[in-house]
Each structure stands twice: as structure tokens, then as C-alpha cells.
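As C-alpha cells, the structure follows; a few thoughts come after it.
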Amino acid sequence: MIDVDGYLAVLGVDRPKAPDAEALSALHRAHVERVPYENLDIHLGRPTGIGAAECVDRIVRGRGGYCFHLNGAFAALLTALGYEVTLHRAGVQGTLADPPNVGGEHLGLTVRLDGERWLVDVALAGGLYEPVPLREGPYVQAPFTVALAPSEVAPGGWRFLHDGRAPFTAIDFAPQPVELASFAEKHEHLSTSPESGFVRVLTAQLRDAKGLFVLRSRLLRRIDAAGTEERIIDSPEEFEDVLAEVFRIDLTDIAPAGRSDLWRRACDQHRTWEATR
């Protein structure tokens, strides 16, 4: 059992009267606007699991997570509300120089509704603002244009392409259904390996109807129809304010020493980035 009412309260959405497309879109929009993509617990030294109930509890407590947490929780919520949800193994292509894959570093979701399947994903920062039908073609999700095409690396699966202004280029989804537990090994690697981007760089990201906010260590970006604006966060006070006011992440449950260490890590990572870019 999950805390459906607590989850819906975080989203600011009433319990749907029926599992229909209108309610699905409202839930999706609210999720990407209110629940951040973030990996702060990795940098706080607080290991997390990816069980559905634990992921829902994180969100009810006012925190976010990355794909296994966010899509895992959202799948549990949609299922509890009567939707037919399928989990899929997926792979992220960061740049066009990276090979397409379905290696399982991303958890994808589809929903079958009124005889049609929809791509649902609340854990692609800069990705979907609303669900899209699982049909080939372009889709405008302001300020971005995305597209769906058959996957060449996952026969029978799908390839989700971005217009180039998000932190990723494309994602391939395998067609076969999988269980959330099947991502445990990949989650362990992403959250603990020194080679993992999640371990190397603190990040928080949040979508809205007009664009995307991205924090990487001390660099804050706003990406929207006007382009990309950047600024460097200059103090621990500003750092905490940005996390709270921009990304809806409240650090008051973390001891002062932990918050200071988080800021120190952000500064160290930023210096490394400046030295190597």
C-alpha cells in the first residue's frame, strides 16, 4: 500500500474520478512541476532504495530523486488510481557521439488507456511535460520539440528524441515489461560508483510549462524559448535558497554540518568543471 492521498497532496491534485486521459495529463504536469529530479542524497552519504513504497514516501516527505525513484513512484500512484501501467528498460544517449542503448540506466513507463498506449515519463528533466501517444512523429512540448520513432537497438521498442536543448539527446525503450526490482543493480552502480555522473556531480532539475531549470554543482541554468541563461551560485545561503525556491527542496531536515558539506562538495565539483571544460 502507498500513501495515495499524501502523494496527491504534494502534487496539488484531487483524486481523479476516473482513470482517463485528462486526469493522466493533469497528474503528469503537476508531477514534473512539483517533484524535482535530484540526487542530493548521494552527496549527503544517505543511500536510498528504489522500492515503490520507499520512493512514494520520499515524495510525500518533499523530496525527489532520479528516474528509478520518480517513475517508480509515479507508476505505483497511477496503478493505485486504476491505470494500466507497464515498466520498461531504457537507455539514455547523452550526446550523438554516444551509442544508443537499452542498458537499463533509465526506467520508462507506458500507460494503456482506451485502447491506446501513451508514453509517460516524469523523470526526464527537459523531457515530457505531458504524456504523448505512442505513435511515430514530432510533438511540441513548449519550448521543446520532441519526437518518437521506432528504436533500432530495441526491435519493437521506441526511440524518444529531443531537439538538443535538454541534458540528453535520446532515449531508447525496450518493449518488454519489467519489474522495478530489476533495476536494483543499475541503481547501485549509479548511486555508488566513482564513474557515475550522479556520484561526480550534484544536480537538481525541474520542468515547468515554459522551460527547465538545471542546477549542476554551483551552475544554475534556465532553458526556455528565449534561450539559455546561466549564473554561478556564490554562497551557501544562496545555494539553499535556490534549492528551496527554484527546486522545492527543503534542507531543514539536514543538520548544519551536512548542509555545509553539501555546499563544499558543490564547490569542489565546480572547480573541477572549470579546470577541465
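Read-outs throughout are calculated quantities, based only on the coordinates presented, and are distinct from any laboratory measurement. Bear in mind that the values here come from a model prediction, so they are computed numbers and not experimental data. Cβ atoms come from the backbone with ideal geometry, glycine included; neighbour counts cover every protein chain shown.
Across the stretch 198-276, C-alpha contacts under 8 Å between residues 6 or more apart give a mean separation that, scaled by the residue count, equals a relative contact order of 25 percent.
So if I take the centroid of the Cα atoms in the stretch 1-57 and the same for the stretch 177-241, what is the distance between those two points in Å? That distance is 17 Å. Filter the trypsin sites (Lys or Arg not before Pro) in the stretch 136-243 down to the DSSP loop ones having no more than 11 other Cβ atoms within 10 Å, then list what survives. Here no trypsin sites (Lys or Arg not before Pro) fit, given the DSSP loop and packing criteria. Alpha-carbon geometry of the stretch 198-276: the Rg and the Dmax are 12.8, 39 Å, given in that order. Computed from label points 7 Å out along Cα-Cβ, the spacing between ARG117 and ARG61 is 3.5 nm.
For THR192, THR95, THR203, what's the fewest-to-most ordering of other Cβ within 10 Å of each Cβ? Let's see the in-between values first.
Details: THR192 12, THR95 9, THR203 24.
If I rank by nearby Cβ atoms, fewest first, I get THR95, THR192, THR203.
Sparsely packed loop sites in the stretch 89-140 (the GluC sites (Glu not before Pro) outside DSSP H, G, I, E and B with at most 11 other Cβ atoms within 10 Å) comprise GLU136.
Rounded to the nearest 10 degrees, the inclination of helix 21-34 to the longest alpha-carbon principal axis of the chain is 10 degrees.
Taking other Cβ within 10 Å of each residue's Cβ, how do LEU148, LEU109 sort, fewest first?
Numbers: LEU148 19, LEU109 25.
Final ranking by Cβ density, sparse to dense: LEU148, LEU109.
Look at the alpha carbon pairs under 8 Å that are at least 6 residues apart: their mean separation over the length of the chain gives a relative contact order of 18 percent.
First select every other residue whose beta carbon is under 12 angstrom from the beta carbon of PHE160; then total the charges, Lys and Arg +1, Asp and Glu -1. Could the numbers behind the result be given before it?
Values: positive: ARG159; negative: ASP121, GLU136, ASP163, ASP172.
Net charge around PHE160: -3.
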